[in-house]
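Structure, as structure tokens:
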Amino acid sequence: NDEIEFVCEGEDEEEALAESEVFSEEEVKAQAEKIIGLLNAEDFDSLQSLVVQDMQEIMNKERMDEGKARISEDWGDFVSIETMQDAEIIQRGAHIAAVYVTAEYENIEVHYTLAFNEDMKLASFGIQ
């Protein structure tokens, strides 16, 4: 079961992406895989068209290298995406598709959090 339930204070609602009237679960997961693939390939030029304007200046090699180094100095090569969980979050009337990805690299397991706006642009990104 890929559904995640969070109890949130305030007005945020969360439901399974499969139930969404705004997003296609398959499209969101494919977009998450595409972004992780571009990050692994260090293709930051292609990434720029997939992220919201506020994110464009931070989605670059320098910032990603800093983030990766905080996790481990040597990730090794990408092996596979192990798991993907998703949810739709409704926050102040805006719909956001969130994807939580566990990816395996030769030397480490990495957890990505990606959030897409209704235009399928990456609006939030985290790695740990």
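Looking at Ala103, Ala30, which one is at pLDDT 95 or above and either open to solvent by less than 20 Å² (accessible area, probe 1.4 Å) or not in a helix (DSSP H, G or I) (or both)?
Answer to the selection: Ala103.
Results for (1) open to solvent by 40 Å² or more (accessible area, probe 1.4 Å); (2) at pLDDT 95 or above; (3) under 27 Å from Glu14 (Cβ atoms), shown as yes or no for each residue.
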residue	(1), (2), (3)
Ile35	no, yes, yes
Ala41	yes, yes, no
Phe44	no, yes, no
Leu50	no, yes, yes
Ile58	yes, no, yes
Asp65	yes, no, no
Asp77	yes, yes, no
Glu82	yes, yes, yes
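Considering only the stretch 59-90, how many residues are farther than 30 Å from Glu21 by Cα, in contact (Cβ under 8 Å) with a residue 12 or more places away in the chain and of a type outside the set (Ser, Thr, Tyr)?
The qualifying residues number 12.
Looking at Ser72, Ser24, Ser80, can you tell me which residue is among the hydroxyl-bearing types (Ser, Thr, Tyr) and within 20 Å of Phe116 (Cβ to Cβ)?
When all the criteria are applied, what remains is Ser24.
The values are calculated or read from the model by the stated rules, or taken from the named source; none is laboratory data. If you're wondering where the values come from, they're calculated on a predicted model, not measured in any experiment. All Cβ positions, even for glycine, are placed from backbone atoms using ideal geometry, and neighbour counts span all protein chains on display. Surface areas here come from the heavy atoms of the whole protein model, side chains and all, with no ligands, DNA or RNA. Shrake-Rupley method; radii C 1.70, N 1.55, O 1.52, S 1.80 Å.
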